[in-house]
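Participant: The structure follows.
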Amino acid sequence: RDLDDVQRYGFNWIRVFATWDSFGNDVSAVDGEGKPREPFLGKLKWLTAECDRRGVVVDVTLIRGGGGKTSPGHLKTFDAHRRAVETLVAALKPQRNWYLDLANEHTARYAFVSFEEVRELRETAKRLDPRRLVTASAGEISRDDLRVYLGTTELDFVSPHRPRHPQSPAQTEAKSREYLAWMKDLGRGVPVNYQEPMRRGYYEWGSKWQPSAEAFLTDLKGAQAGRAAGWCFHNGDQPDQPDGKPRRSFDLREQRLFDQLDEEERKILAGLKAMPGNNPDQQ
């Protein structure tokens, strides 16, 4: 039913962590050594195949180490991380509709993966499946880091995570154009995918800002106007609540995703469906 709604509202890609341990529920597709972990690897294979049947792209993401609720016991070493890449590429290789985020927010202290390690992980993936698209997500990307992504690590596209503050949505178009201008100067252009923008329930720098539907839609329109290649309707738990509810995409055991969205998020969906060229019912 969630995938039905994904398509009904015009989304064409979803993001899935292959290492995910949240609210006491470990659904990671690989274990701490990066080896297959059933039945969850099988479920990931099913989901990828089902999305392929529907024409939906799947972002499969790995994360190093732990931090917060996410994957506290997984991939604490480079060898385990590399083995996880090998496991996922081998298991999902028959499907063409997925790409690999080698390391979520890899420049962050809680999940740090060096640029040299990113390059080795990329080489591992490409050796097993040369056509597989790979990226490595991070926060805002500096010009110097972009030079490394384009040259040393040779990512197929970049996946910056936008800041989460009231001014951010209005800045997305300019930031997108800045990334593309830097690429032109550096001599190599790749797509910019906004894989993890703002979300409801997430507080940054002590701010209690809750982005409105208008903020989300402004951010999306800015990404489009700035010629970004992708944008994600990001959502997650409510950390200021004792039980974290609504947990949204972080925990689907009690309710499916679309039944956990709040009133403001439902306004976002209505706004998305009303955007020109994004109404599947009219296509």
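The values are calculated or read from the model by the stated rules, or taken from the named source; none is laboratory data. In this text the structure is predicted, and so the values were computed from the model without any measurement. When we count neighbours, we look across all protein chains shown, and the Cβ atoms used for this are built from the backbone with ideal geometry, even at glycine. Remember, those area values only see protein heavy atoms, side chains included, never the ligands or the DNA or RNA. Shrake-Rupley method; radii C 1.70, N 1.55, O 1.52, S 1.80 Å.
Participant: At a 1.4 Å probe, what is the % contribution of carbon and sulfur to the accessible area of the chain?
Facilitator: 49
Participant: Below 8 Å between Cα atoms, with a sequence gap of 6+, how large is the relative contact order for the chain in percent?
Facilitator: 15
Participant: How long is the gain from residue 259 to residue 131 if the chain were fully straight, where each residue apart is worth 0.36 nm and the alpha carbon distance is subtracted?
Facilitator: Extending this stretch completely gives an extra 42.4 nm.
Participant: For residue 43, list the lysines whose Cα falls under 23 Å from its own Cα; do not include residues on the same chain fewer than 8 positions away.
Facilitator: 35, 69, 93
Participant: Between residue 109 and residue 171, what is the FRET efficiency for a Förster distance of 35 Å, r being their Cβ-Cβ separation, to the nearest 0.05?
Facilitator: Efficiency computed from Cβ-Cβ geometry: 0.90.
Participant: Here is a further query. Just check the range 64-161 against the gyration tensor rule for me: Cα atoms, a ≥ b ≥ c as the square roots of the eigenvalues, rounded for a/c under 1.5, and otherwise prolate or oblate depending on whether a/b exceeds b/c.
Facilitator: Oblate is the answer for the range 64-161, as a/c is 1.5 or above yet b/c matches or exceeds a/b.
Participant: Could you pull out the pairs from 45/126; 126/175; 76/245 whose alpha carbons sit more than 25 Å apart here?
Facilitator: The pairs that break the limit, which is 25 Å between Cα atoms, are 126/175; 76/245.
Participant: Ordered by residue, what ³J(HN,Hα) values in Hz, to whole numbers, does the range 7-21 give under the Karplus form 6.51 cos²θ - 1.76 cosθ + 1.60, where θ = phi - 60° and Gly and Pro are x?
Facilitator: So the J values, rounded to whole Hz, are 6, 4, 9, x, 6, 10, 7, 10, 10, 10, 7, 7, 10, 8, 10.
Participant: Round to the nearest 0.05 the FRET efficiency obtained for residue 275 and residue 90 when R0 = 45 Å and r is the Cβ-Cβ distance.
Facilitator: Efficiency for this residue pair is about 0.70.
Participant: Among the DSSP beta bridges whose two residues both lie in the range 1-101, what percent are antiparallel, rounded to the nearest 5?
Facilitator: In the range 1-101, DSSP labels about 25 percent of beta bridges as antiparallel.
Participant: In percent, what relative contact order does the range 141-215 have, based on Cα pairs under 8 Å that are 6 or more apart in sequence?
Facilitator: Reported relative contact order: 38 percent.
Participant: With a 1.4 Å probe and every protein chain left in place, work out the accessible area per residue of the chain in Å², rounded to a whole number.
Facilitator: With the other protein chains kept in place, the chain gives 46 Å² per residue.
Participant: Shifting gears a bit: Once every Cα of the chain carries one equal point scatterer and solvent is ignored, give the base-10 log of I(q)/I(0) from the Debye formula at q = 0.10, 0.12, 0.15 Å⁻¹, two decimals.
Facilitator: So the normalised log intensities are -0.51, -0.76, -1.28.
Participant: Sticking with this one: Of the beta bridges DSSP finds with both residues in the chain, what % are antiparallel, to the nearest 5?
Facilitator: 15
Participant: Once the other residues with Cβ under 12 Å from the Cβ of residue 170 are scored (Lys, Arg +1; Asp, Glu -1), what is the net sum?
Facilitator: Residues close to residue 170 contribute a combined charge of 0.
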